[in-house]
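*Asks:* Take a look at the following structure, please.
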Amino acid sequence: MPSLLDTGLAGGVLRLAPGVYAPQSDTFLLRDAIEREGLPPGAEVLDVGTGSGALALAAARRGARVTAIDRSRRAVLTARLHAALAGQRVRVLRGDLLEPAAGRRYDLIVCNPPYVPSPRKRPPRRGAAVAWDAGPDGRAVIDRICDGAPALLRPSGVLLLVQSALSGVTPTIERLERAGLKAAVVRRSVVPFGPVLRERSDWLERRGLIEPGQEKEELVIIRAHRP
């Protein structure tokens, strides 16, 4: 189990309720992108699908006013606990993706959505797999973020999103640009398959999403800004 120091939260040990997504390679990649992003004083930041709260706290440590959202009651409680332990003020709301943020505007939106292609036709509504399964093409949640996030950005506001190349990078960029944003990949990282991808590698190969014997995936950070 990673420590809070490893995730950038604070000293100590992660307090994760069962089913709450533990920070991993995609979390750390997006955290680094947040730390490199220029933020105006008192920036308003939205963390969608906060899980443990690691990304919300990365923004809060930079002086931002942070709102974090998760549909899981356990994740909301976990993120609130980690904010208290870190001595940071983070507003954590329970709700479905962007709905609790309707009518607000933000300087930065960050999102580590479920993006793993799954044999299931629809994403699960409960259980640990909610944090990663995203339909047969892995885009069930990504597309909703691409469609909804632009309306929540202030002029010059930025969306930072992490996803696997297995779920289609070009479709994400094109969808964001159709919504009026300028989007590009700003970071790439190749990581070994985790347990979920190893378990469904035969299915992914049959779908043509991976090469025979492939054991690694590419993670990308997509940065989209409102001109």
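The values are calculated or read from the model by the stated rules, or taken from the named source; none is laboratory data. Computed from a prediction, not measured in an experiment: that's the story for all the values here. Cβ: placed from backbone, ideal geometry, glycine included. Neighbour counts: every protein chain shown.
*Asks:* Hey, can you tell me all the residues within region 43-67 that are surrounded by fewer than 23 Cβ atoms within 10 Å (Cβ to Cβ) and assigned to a strand (DSSP E or B)?
*Replies:* Residues satisfying the conditions are Glu44, Arg65, Thr67.
*Asks:* Spot the failing condition for Arg91; the list is (1) of a type in the set (D, E, K, R); (2) touching a Pro at 6+ places or on another chain (Cβ under 7 Å); (3) more than 23 Å from Gly194 (Cα to Cα); (4) without any contact (Cβ under 8 Å) to a residue 60 or more places away in the chain, and only one is missed.
*Replies:* (2)
*Asks:* Output yes when any residue across region 161-171 is surrounded by fewer than 21 Cβ atoms within 10 Å (Cβ to Cβ), free of Cβ contacts under 8 Å to residues at least 12 places away in the same chain and among the β-branched types (Val, Ile, Thr), and no when none is.
*Replies:* Yes, region 161-171 contains at least one residue that is surrounded by fewer than 21 Cβ atoms within 10 Å (Cβ to Cβ), free of Cβ contacts under 8 Å to residues at least 12 places away in the same chain and among the β-branched types (Val, Ile, Thr).
*Asks:* Do you know which of the residues in region 80-99 that are touching a helix residue (DSSP H, G or I) at 6+ places or on another chain (Cβ under 6 Å) and at pLDDT 95 or above is farthest from Ile145 (Cα to Cα)?
*Replies:* Per the criteria, the residue is Val90.
*Asks:* Take the conditions in contact (Cβ under 8 Å) with a residue 60 or more places away in the chain and under 16 Å from the mean Cα position of the chain (by Cα) and apply them to Val76. Does it pass?
*Replies:* No, not satisfied.
*Asks:* Going residue by residue through region 157-165, is there one that turns out to be among the polar types (S, T, N, Q) and under 19 Å from Ala22 (Cβ atoms)?
*Replies:* The answer is yes, given that some residue of region 157-165 is among the polar types (S, T, N, Q) and under 19 Å from Ala22 (Cβ atoms).
*Asks:* Continuing with this model, one more query. Out of region 103-136, which residues are within 17 Å of the chain's Cα centre (by Cα) and under 30 Å from Pro227 (Cβ atoms)?
*Replies:* Across region 103-136, the qualifying residues are Tyr106, Asp107, Leu108, Ile109, Val110, Cys111, Asn112, Pro113, Pro114, Tyr115, Ala134.
*Asks:* So which residues in region 162-189 are within 17 Å of Ile210 (Cα to Cα), in contact with a helix residue (DSSP H, G or I) (Cβ under 9 Å, 6 or more places away or on another chain) and of a type in the set (A, V, I, L, M, F, W, C), if there are any at all?
*Replies:* Leu166, the sole residue that qualifies.
*Asks:* Contact list please: Cβ distance under 9 Å, first residue in region 205-227 and on the phi < 0 side of the Ramachandran plot and without any contact (Cβ under 8 Å) to a residue 12 or more places away in the chain, second residue exposed (fewer than 14 other Cβ atoms within 10 Å of the Cβ) and not in a strand (DSSP E or B), pairs at least six apart or on different chains.
*Replies:* That search, which allows pairs on different chains as well, returns Glu205/Glu211; Glu205/Pro212; Glu205/Gly213.
*Asks:* Could I ask something else about it? Residues in region 68-105 that are within 23 Å of Arg125 (Cα to Cα) and not in a helix (DSSP H, G or I): how many?
*Replies:* Residues meeting the conditions: 13.
*Asks:* Does Glu211 satisfy being charged (D, E, K, R) and under 19 Å from Pro113 (Cα atoms)?
*Replies:* Taking the combined requirement at face value, the residue does not satisfy it.
*Asks:* Please tell me if Ala183 is at pLDDT 95 or above, buried (at least 16 other Cβ atoms within 10 Å of the Cβ) and either touching a strand residue (DSSP E or B) at 6+ places or on another chain (Cβ under 6 Å) or farther than 20 Å from Pro23 by Cα (or both).
*Replies:* Judged against the criteria, Ala183 is a match.
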